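The values are calculated or read from the model by the stated rules, or taken from the named source; none is laboratory data. Just so it is clear, the model here is predicted, and its values are computed rather than measured. Please note: Cβ atoms are built from the backbone with ideal geometry, for glycine as well, and neighbour counts cover all protein chains shown.
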Amino acid sequence: MYPDPQKITRVTSLGGGPIGGGWAAHFLARGYDVTLYLHDAGETAAFEAVLDTAWKSLTDLGLAPGASRDRLRVVTDLQQAVEGAQFIQESAPENLSLKRKLYAELGRLVTPDVVIGSSTSGLTMTDIQADCATPERCVIGHPFNPPYLLPLVEIVGGRSTDPAAVAWAGAFYESAGKAPLIMKKEIPGFVATRLQEALWREALHMVANGEASAADIDTALINGPAPRMAIQGQCMAFHVACGAGGMATNLDQFGPALKLPWTRLDAPELTQQLRDRMVDGCNEMAAGRRFEDMAAKRDQQIVAVLRAIRDTS
């Protein structure tokens, strides 16, 4: 029913913000013909800024043969945007009502053999596809930001999704240079965001209780677990840390400590004081730097990490 994922040449990205625009940049860098849909022509300048930032990093990392920004077409008409598309990446705002209306329209405009992936970070496909006439081809394809650099894509279907569409999406994303993670169950927040949220909540607790500042939190992460996590996930890090005994030794020795009150995963109350501490702390770390400059520096350093991993694999 679905085309060969290895032979896809034309993709459409719906939305030109940091995520939708980032997806467009990624697909261009991988050598696809890309149609970008903008809700309004006034969004063009913001998208071009995203593309300019992304393209420098993508060029540094290495473009696929035939990759070119000239293979981009920008339109503001949805029907024109999806015409001829072999895959659609939807990155509309996180508004369930809006997404349902969009998917109802896509169900009418797009032939059933075209898989549609949603970049949503918090909604479920079961909810999104409710008004779509062809929900079986709709999947979550949730990237990590920035999507043109970080490889992860979390994939899961909704109640009405065809399992074959999920498998197809996994194969397509992999052929497009991504690291697909096909989830076993549909849960809000998926895998990586839920793990990130747990860390974020504990960080907020420490700031709220005066135990650490925002700068302390980032210093601990940047100089502690973060470099290791670029190489090993949490599970393998603990497995390797205990030598020949591996995870079994880890759980036997440190398992009882799991009952100690070290973490507080219920979210703290977001008081004005906590909000001010976080905002002020981040502004102090930014030290007046422009967001565009900080994003460019972030991308430059991510490229260096990715290149180091690739060259030593």
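Let me confirm something: among Q89, Q80, Q129, which residue is closer than 20 Å to T9 by Cβ, assigned to a helix (DSSP H, G or I) and not aliphatic (A, V, I, L, M)?
Going through Q89, Q80, Q129 in turn, just one is closer than 20 Å to T9 by Cβ, assigned to a helix (DSSP H, G or I) and not aliphatic (A, V, I, L, M): Q80.
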Filter result for the condition that a residue is outside any strand (DSSP E or B), touching a helix residue (DSSP H, G or I) at 6+ places or on another chain (Cβ under 6 Å) and either in the same structural domain as L306 (by TED's automatic domain parsing) or at negative phi (or both), over A54, A46, A24, A64: A54
Residue satisfying condition, being of a type in the set (D, E) and either within 16 Å of S213 (Cα to Cα) or in contact with a Ser or Thr (Cβ under 8 Å, 6 or more places away or on another chain) (or both), within set D276, D293: D276
G245 vs. criteria touching a helix residue (DSSP H, G or I) at 6+ places or on another chain (Cβ under 9 Å) and more than 24 Å from T53 (Cβ to Cβ): yes
Qualifying residue in segment 41-51 (condition: of a type in the set (F, W, Y), out of contact with any Leu (no Cβ under 7 Å at 6 or more places or on another chain) and closer than 23 Å to H142 by Cα): no
Of residues in segment 228-273 being aliphatic (A, V, I, L, M) and more than 22 Å from L195 (Cβ to Cβ), the one modelled with the lowest pLDDT: A244
Unmet criterion (only one of (1) free of Cβ contacts under 8 Å to residues at least 12 places away in the same chain; (2) over 20 Å from the mean Cα position of the chain (by Cα)) for L106: (1)
Qualifying residue in segment 156-165 (condition: more than 19 Å from the chain's Cα centre (by Cα) and acidic (D, E)): yes
Test result for T120, more than 17 Å from the chain's Cα centre (by Cα) and not in a helix (DSSP H, G or I): no
Positions within segment 202-216 being closer than 16 Å to A286 by Cβ and either hydrophobic (A, V, I, L, M, F, W, C) or not assigned by TED's automatic domain parsing to the domain that holds A286 (or both), in sequence order: A214, A215
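Kindly evaluate I140 against the criterion of being closer than 30 Å to I309 by Cα, among the β-branched types (V, I, T) and either outside any helix (DSSP H, G or I) or in contact with a Cys (Cβ under 9 Å, 6 or more places away or on another chain) (or both).
Against the criterion (closer than 30 Å to I309 by Cα, among the β-branched types (V, I, T) and either outside any helix (DSSP H, G or I) or in contact with a Cys (Cβ under 9 Å, 6 or more places away or on another chain) (or both)), I140 qualifies.
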Residue match in segment 152-169 (condition: loosely packed, with under 15 Cβ neighbours inside 10 Å and among the hydrophobic types (A, V, I, L, M, F, W, C)): yes
Complete set of residues in segment 108-139 that are of a type in the set (K, R) and either modelled with pLDDT under 95 or touching a Pro at 6+ places or on another chain (Cβ under 9 Å) (or both): R137
Condition broken by T271, with the remaining ones in (1) in contact (Cβ under 8 Å) with a residue 24 or more places away in the chain; (2) under 20 Å from V50 (Cα atoms); (3) loosely packed, with under 11 Cβ neighbours inside 10 Å satisfied: (2)
